[in-house]
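Colleague: Below you'll find the structure I mean.
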Amino acid sequence: MSSQDVSLKIAVLSMHTCPLAPLGGWETGGMNVYVRELGRALAARGASIDIFTRRQAADVADVVEYAPGARVIHIDAGPHRHVDKYDILDYLPDFACGIQRFRALTGASYDLIHSHYWLSGRLGLLFADRWGVPMVSTFHTLAQLKNRVAETAAEREQAVRFEIERRTMAGSDRIVALTQVDRQQMLRHYGGQAPIVVIPGGVDLERFKPLPRTSARRTLGLPSGRKVLLFVGRIQRLKGLEVLLRAFALLADLDAELLIVGGRPGTTYESREITRLQHLAAKLGVAERTRFVGAVPHEELPTYYSAADVSVMPSSYESFGLVAVESLACGTPVVATRVGGLTSIVRDGETGLLVPWRDAELFAERLRRVLSDSELHGRLATNARESVLGYGWDRIADEHLALYGEVRAQRRATDAVAVRG
Ligand code: UDP
């Protein structure tokens, strides 16, 4: 890697959600962690990172340098609160003007754009063209794939999103897929457009590491003798909590407790979903053994993972699944549905068990196996951490730097040909 690569100035577009926002809310999860931690790791390697996001709270500073060389720039575009993603489209012009104003006031310039999610892709294409720089795009989730598993009309993504995704794919210099499965699905549903490289999400291996179970349980006030199942994630239907509660109800004979971490009932959708699940837990007779913990700060999660016997991910869609990597990094096996990114993170029979999606009985059967067969549990737990040692953010940042270098070299070559022509 040349020294020029590490002194790169990168404009990161994360219009939809702020990487510094509290996690575990309706739309604050993996993508926020990914943008924040990748930025931090790239900056630690000498790149300078400006992450542009829409201001969602009145009390945040315009510019926050959250790590040396990594800044979040809050742009005024629309109300200072959460706004539905489709309504954000109305604020794209304000957001674009805000970025241009910031550049004019500070003299900032960039070598490359990395856009996250479809909403940013729309603007990224515009700026890439105007600034004459290459653009790399990461989508995190895709409309076509979400629609395949949507259970209600409200969950279905609109045609405008698909169209923007399609155009962004066609106009980007490179697309980052999070797994091979993600890449294949992009090719299948969006056609071969820009070259797609696979770089997974990461984990802070220093922070997410096994802690002694007894003290972790003591910290959380959990009994030492009982089995503990842990769910961590945003409380959305596609996370499969309904299947989980039904599966848990089939394990009534086990002395077990289910912790559901996540949920900041700020939006109507979210409050409604939490209430629906609480009613379902009561109906299934598992309310007393199920604890809706609410959102927990990221840095406290190693205690939860270490206290648990098993982490559960009953999702019907995961483009990646940072929670699975975090749990394994803490030495806790994962029982997950065989969907999307989870199939490449969880090694069936080695670090966890994979289950066909939306099948509560099978999910319960796999949970029973992990919780009752101590030899199996011991083996999965022993393999867990080692299986994710390649997911440290440093390594993920290096892979991005190599990609950025390649894209820039290609652009310089094309520009040179254009000048000669
Ligand atoms: N998370 C958190 N606190 C919570 C719930 C979730 O810090 O209360 C974090 C979790 O540790 C993980 C991310 O949010 O890093 C969720 O990422 P994942 O890829 O599993 O799911 P996504 O949000 O992308 O659907």
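The values are calculated or read from the model by the stated rules, or taken from the named source; none is laboratory data. What you see is a predicted model, and the numbers here were worked out from it, not measured in a lab. Every residue, glycine as well, gets a Cβ built from its backbone with ideal geometry; the counts of neighbours run over all protein chains shown. Just the protein is used for accessible areas: all its heavy atoms, side chains included, with ligands, DNA and RNA removed. Shrake-Rupley method; radii C 1.70, N 1.55, O 1.52, S 1.80 Å.
Colleague: Taking R366 as the residue in question, decide whether it is farther than 19 Å from L258 by Cβ, of a type in the set (D, E, K, R), buried (at least 16 other Cβ atoms within 10 Å of the Cβ) and touching a residue at least 12 places away in the same chain (Cβ under 8 Å).
Modeller: It is false that R366 is farther than 19 Å from L258 by Cβ, of a type in the set (D, E, K, R), buried (at least 16 other Cβ atoms within 10 Å of the Cβ) and touching a residue at least 12 places away in the same chain (Cβ under 8 Å).
Colleague: Output the number of the condition that Y190 fails; it satisfies all remaining conditions of (1) in contact (Cβ under 8 Å) with a residue 24 or more places away in the chain; (2) under 23 Å from V296 (Cβ atoms).
Modeller: (2)
Colleague: If you don't mind, there's one more thing I want to ask. So which residues in segment 66-93 are exposed (fewer than 14 other Cβ atoms within 10 Å of the Cβ) and either over 26 Å from the mean Cα position of the chain (by Cα) or without any contact (Cβ under 8 Å) to a residue 40 or more places away in the chain (or both), if there are any at all?
Modeller: Passing the criteria: P68, P79, R81, D84, D87, D90, P93.
Colleague: If only one of A47, A58 is away from the ligand (no atom under 15 Å from the Cβ) and closer than 25 Å to A397 by Cβ, which one is it?
Modeller: Going through A47, A58 in turn, the sole match is A47.
Colleague: Another question, then. Taking segment 101-132 only, how many residues are over 26 Å from I196 (Cα atoms) and surrounded by 12 or more Cβ atoms within 10 Å (Cβ to Cβ)?
Modeller: Total satisfying the criteria: 4.
Colleague: Can I ask one more? Please determine, by comparing only the residues of segment 304-313 that are within 12 Å of the ligand (Cβ to nearest atom) and touching a Pro at 6+ places or on another chain (Cβ under 9 Å), which one is farthest from F139 (Cα to Cα).
Modeller: Across segment 304-313, the extreme among qualifying residues is Y305.
Colleague: Just to be sure I understand the filter: pairs with C-beta atoms under 7 Å, separated by 6 or more residues or on different chains, first member in segment 266-288 and over 20 Å from D84 (Cβ atoms) and without any contact (Cβ under 8 Å) to a residue 60 or more places away in the chain, second member open to solvent by 50 Å² or more (accessible area, probe 1.4 Å) and not in a helix (DSSP H, G or I). Which pairs pass?
Modeller: Listed by first residue and then by second, the contacts come to Q278/F292.
Colleague: Continuing with this model, one more query. Within the bounds of segment 231-250, is there any residue that is open to solvent by 20 Å² or more (accessible area, probe 1.4 Å) and over 21 Å from E151 (Cα atoms)?
Modeller: Yes, there is a match, as at least one residue in segment 231-250 is open to solvent by 20 Å² or more (accessible area, probe 1.4 Å) and over 21 Å from E151 (Cα atoms).
Colleague: Please find, within segment 281-305, the residue that is least open to solvent (accessible area, probe 1.4 Å) out of those that are among the small types (G, A, S) and more than 20 Å from E37 (Cβ to Cβ).
Modeller: Going through the qualifying residues, I end up with A281.
Colleague: Inside segment 384-411, can you point out the residues that are among the basic types (K, R), open to solvent by 50 Å² or more (accessible area, probe 1.4 Å) and farther than 25 Å from G331 by Cα?
Modeller: R411
Colleague: Which strands (runs of 3 or more DSSP E) sit wholly inside segment 122-229 and have at least 2 residues that are within 19 Å of the chain's Cα centre (by Cα) and within 16 Å of the ligand (Cβ to nearest atom)?
Modeller: Values: elements: 135-138, 174-177, 196-198.
It comes to 174-177.
Colleague: Can you report the number of residues in segment 26-44 which are open to solvent by less than 30 Å² (accessible area, probe 1.4 Å) and either without any contact (Cβ under 8 Å) to a residue 60 or more places away in the chain or more than 8 Å from the ligand (Cβ to nearest atom) (or both)?
Modeller: Selection size over segment 26-44: 8.
Colleague: Also, I was wondering about something else. All but one of (1) crowded, with 19+ Cβ neighbours inside 10 Å; (2) modelled with pLDDT of 95 or more; (3) polar (S, T, N, Q) hold for Q278; which doesn't?
Modeller: Result: Q278 fails condition (1) only.
Colleague: If you go through segment 314-363 one residue at a time, how many are among the aromatic types (F, W, Y) and within 14 Å of the ligand (Cβ to nearest atom)?
Modeller: 2
Colleague: Given (1) within 16 Å of the ligand (Cβ to nearest atom); (2) not in a loop (DSSP other than H, G, I, E, B), identify the lone condition not met by I235.
Modeller: The number of the failed condition is (2).
Here's the yes/no breakdown for (1) within 21 Å of V149 (Cβ to Cβ); (2) touching a residue at least 60 places away in the same chain (Cβ under 8 Å); (3) open to solvent by less than 10 Å² (accessible area, probe 1.4 Å):
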{"site": "A308", "(1), (2), (3)": "no, yes, yes"}
{"site": "S319", "(1), (2), (3)": "yes, yes, no"}
{"site": "A324", "(1), (2), (3)": "yes, no, yes"}
{"site": "A329", "(1), (2), (3)": "no, yes, yes"}
{"site": "P333", "(1), (2), (3)": "no, no, yes"}
{"site": "A336", "(1), (2), (3)": "yes, no, yes"}
{"site": "L353", "(1), (2), (3)": "yes, no, yes"}
{"site": "L371", "(1), (2), (3)": "no, yes, no"}
{"site": "T382", "(1), (2), (3)": "no, no, no"}
